Structure formats: C-alpha cells, structure tokens
Amino acid sequence: AQSVTQPDIHITVSEGASLELRCNYSYGATPYLFWYVQSPGQGLQLLLKYFSGDTLVQGIKGFEAEFKRSQSSFNLRKPSVHWSDAAEYFCAVGASGGSYIPTFGRGTSLIVHP
Amino acid sequence: SAVISQKPSRDICQRGTSLTIQCQVDSQVTMMFWYRQQPGQSLTLIATANQGSEATYESGFVIDKFPISRPNLTFSTLTVSNMSPEDSSIYLCSVGAGLNEQFFGPGTRLTVL
C-alpha cells in the first residue's frame, strides 16, 4: 500500500518570499501524485497532479511541483507567496495499479506574514 | 472537472440526533466518496458510495452509524446517526475522475453539542 508524509505541520513565510512544501511518498511503482489546497472554510481544490512524463508540473495559482523518483518526493513550490495563499495544503499519492482512491498526507498549514 | 454541492454547509446538532448530508454532482459519475476531516487532521475515507448497491465502508466505519444512499449517478447522502461530540467534523463528498484524481465538494461542518 502507498503512504505519504508531509514532515512540516506549519510553515510560516513572508509575503513575497518563495515557498517550498515537502512531500515524501512510499510506493513500489510509479505513483500518481497530487497537491490539494484547502482555504479556510472551504473544500479541497486540486492544485496540480503528476501521472507521467515531464517531472516538473505546473499548476494553478502559480504553483509548481517536481517529481523526484530518487528521493521519493513531490515538493510544491511557488516563487512569490501572496497573502491569499494562506491555507492548508495536502499532498496525496495514488497507486497506478490500485484502488482508485488516493492516500492523503496530514497536511501543512501555510501562514503568510505581511 | 465536476461541480459538487453539499447541503447543509454547516449545522449544530444535539447529542443523540441524526443528520443527513446531501451531495449533488452536476454530471453523472461512477465513483463517489465520503470523507471525514476532524479538526486539525487530514482526510479519512468513510466509504465509497456505489450506485445500485450497498456502500463499501472502510475499517472503523459501519453502516449503522453512517448509512449511505446512492440512488443515481449524480446524488448521494450520508447520515451521521446517534451523534456524539466526537462526530464533530467536516464531512466531505468527492467524486472520482480517473487515475486516483478526485474533486471535492465544499464540505459540511458539523458541531455536536
């Protein structure tokens, strides 16, 4: 079975600074990887996804993520954070030969200082 | 992507009562799911709602506590029965879009007193 780890519970950045949220996964084959964002009082919105091909994936709202097989990682990045990016971010991993249901990490809470 | 709505968006309920949450999708979908998100926690899958058959429950969740209906390919309900304060959570409906991708509704925020 697949698993995912988000090692940072909270991340605090200043507005305009760059951002990197860490995600590590465990799965024996090529995984399907996702990043979701949950703004306060909202449901989850898909930011980006990786299935195959180019390991650098572009998403919505200026986010990108890079799949690194050697490190079993799929870190989320943004070059310049806006105050509206303050939210909970969830990494998820799915199994290419599995049950169609991804496994979610525990989430990283992003705090943005003005 | 699918547009998903949930009703109610939030509710405050008394211990021992039941609440039914509705999930409506704007297109026909094969796979629908119900998740629970307890305060400060990640998502926990409650069950897969199957059209025309009983829901498939994850370990730790039972039909008597969380009965689910799926009368057609665009609608599902989750009932939280005989509620206790431990049931206070956000309940999320989602639909599968293939290759493990899911789209989520806005959630129902439940507080049990």
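The values are calculated or read from the model by the stated rules, or taken from the named source; none is laboratory data. All of these numbers come straight from a predicted model, not from anything done at the bench. Cβ coordinates were reconstructed from backbone atoms using ideal geometry, including for glycine residues, and neighbour counts include every protein chain displayed.
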Just to check your reading of the model, which residue among B:44, B:48, B:108 is more than 29 Å from residue A:52 (Cα to Cα), polar (S, T, N, Q) and in contact with a strand residue (DSSP E or B) (Cβ under 9 Å, 6 or more places away or on another chain)? B:108
Within the group B:68, B:12, which residue is touching a Ser or Thr at 6+ places or on another chain (Cβ under 9 Å), touching a residue at least 60 places away in the same chain (Cβ under 8 Å), among the hydrophobic types (A, V, I, L, M, F, W, C) and closer than 20 Å to residue B:110 by Cα? B:12
Which numbered condition residue B:34 fails, given (1) loosely packed, with under 15 Cβ neighbours inside 10 Å; (2) at pLDDT 95 or above; (3) touching a strand residue (DSSP E or B) at 6+ places or on another chain (Cβ under 8 Å): (1)
Just need a number here: residues in the range B:36-65 that are more than 14 Å from residue B:107 (Cα to Cα), within 14 Å of chain A (Cβ to nearest Cβ) and of a type in the set (D, E, K, R). 1
Scanning the range A:12-64 for residues that are facing chain B (nearest Cβ under 10 Å) and of a type in the set (A, V, I, L, M, F, W, C), the one surrounded by the most Cβ atoms within 10 Å (Cβ to Cβ) turns out to be A:34
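Pull up the range A:84-114, narrow it to residues that are among the small types (Gly, Ala, Ser) and assigned to a loop (DSSP other than H, G, I, E, B), then point me to the one that is modelled with the lowest pLDDT.
Step one: filter the range A:84-114 for residues among the small types (Gly, Ala, Ser), giving A:84, A:86-87, A:92, A:94-99, A:105, A:107, A:109.
Restricting the remaining residues to those that are assigned to a loop (DSSP other than H, G, I, E, B) gives A:86, A:96-99, A:105, A:107.
Working: A:86: 96, A:96: 69, A:97: 63, A:98: 59, A:99: 64, A:105: 94, A:107: 94.
Restricting to residues being among the small types (Gly, Ala, Ser) and assigned to a loop (DSSP other than H, G, I, E, B), the top hit is A:98.
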Please work out if residue A:101 is within 14 Å of another protein chain (Cβ to nearest Cβ), within 15 Å of the chain's Cα centre (by Cα) and free of Cβ contacts under 8 Å to residues at least 24 places away in the same chain. no
Scan the range B:21-35 and report the pairs whose first residue is within 12 Å of another protein chain (Cβ to nearest Cβ) and whose second residue is of a type in the set (Ser, Thr, Tyr), with Cβ atoms within less than 6 Å and a gap of 6+ or a chain change. B:23/B:76; B:32/B:76; B:33/B:48; B:33/B:94
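For residue B:94, are the conditions met, namely being away from chain A (no Cβ under 14 Å) and either assigned to a strand (DSSP E or B) or closer than 26 Å to residue A:90 by Cα (or both)?
Working: away from chain A (no Cβ under 14 Å): no; either assigned to a strand (DSSP E or B) or closer than 26 Å to residue A:90 by Cα (or both): yes.
It is false that residue B:94 is away from chain A (no Cβ under 14 Å) and either assigned to a strand (DSSP E or B) or closer than 26 Å to residue A:90 by Cα (or both).
Working only within the range A:65-82, note down all residues that are under 20 Å from residue A:14 (Cβ atoms) and either under 13 Å from the mean Cα position of the chain (by Cα) or hydroxyl-bearing (Ser, Thr, Tyr) (or both).
Across the range A:65-82, the qualifying residues are A:75, A:76, A:77, A:78, A:80.
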Is there any pair linking a residue in the range A:61-79 that is part of a helix (DSSP H, G or I) to one that is charged (D, E, K, R), with Cβ under 6 Å and at least six apart or on different chains, and which? A:62/A:78
